[in-house]
1. Residues of region 111-137 with the amide nitrogen closer than 16 Å to a label point 7 Å from the Cα of Asp90, along Cα-to-Cβ, please.
2. If you add up the charges near Glu122, with Lys and Arg at +1 and Asp and Glu at -1, over every other residue whose beta carbon is less than 14 angstrom from its beta carbon, what do you get?
3. Within 10 Å, count the other beta carbons around each residue, average over each peptide in 132-144, 75-87, and list them highest first.
4. Using 7 Å Cα-to-Cβ label points, what is the Asp65/Leu120 separation (nm, one decimal)?
Amino acid sequence: MKLFKNRRIKSTCLVVLSLVMLLPLLLAACDTVTAQPVYDTRLNFLTNSGMSVYRVVYPMENCPDTVRVAAEELQAAMQEVLGVDVAITDDKGTANANDQFQPYEILIGETARSATQKVLPELDGEEFVVRVDGHKIVIVGASNRATYAGVLYFVENVIRQGTVEE
């Protein structure tokens, strides 16, 4: 006894069965594609309550006033332009202890976070970097003045205009 009398029905059933089996793989691939930079739009900074999912983090150890002021200015710009409350804190001097528990951070200056530490060897002179590492946004310069310039760049090009050049 034949299960399928018509070849067309048999082929269709095989295609449908194959798609059903591949669906979990396709969905997993879609998830990784959307995990791109988290600052594409202003809404990505928000939670449903109007609070930011991000917090601004500056170094605790030997934090110069320039870097702390830059972090405070970023916090104020996000409040003014985006209308969101953003927490601000120091990195508590720990390299990785809080990384996994607070994935959404804007790291200002030479924090002890691993995302910042990866960038530091690339810097020279008065250069600064604005980079996304997972859900962390790293803003750091080769000097305190360069870090401040990086924060101003981020405020103007991301917070105020919603764009950033790659």
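Bear in mind that the values in this text are calculations on the coordinates, not laboratory data. Note that the structure is a prediction, hence the values are computed from the model and not measured. Here the Cβ positions follow ideal geometry from the backbone for every residue, glycine too, while neighbour counts run over all protein chains shown.
1. Residues 111-113 qualify, since their backbone N sits under 16 Å from the label point.
2. -3
3. Details: 132-144: 19.9, 75-87: 15.9.
Peptide ranking by packing, descending: 132-144, 75-87.
4. Label-label distance for Asp65 and Leu120, simple model: 2.4 nm.
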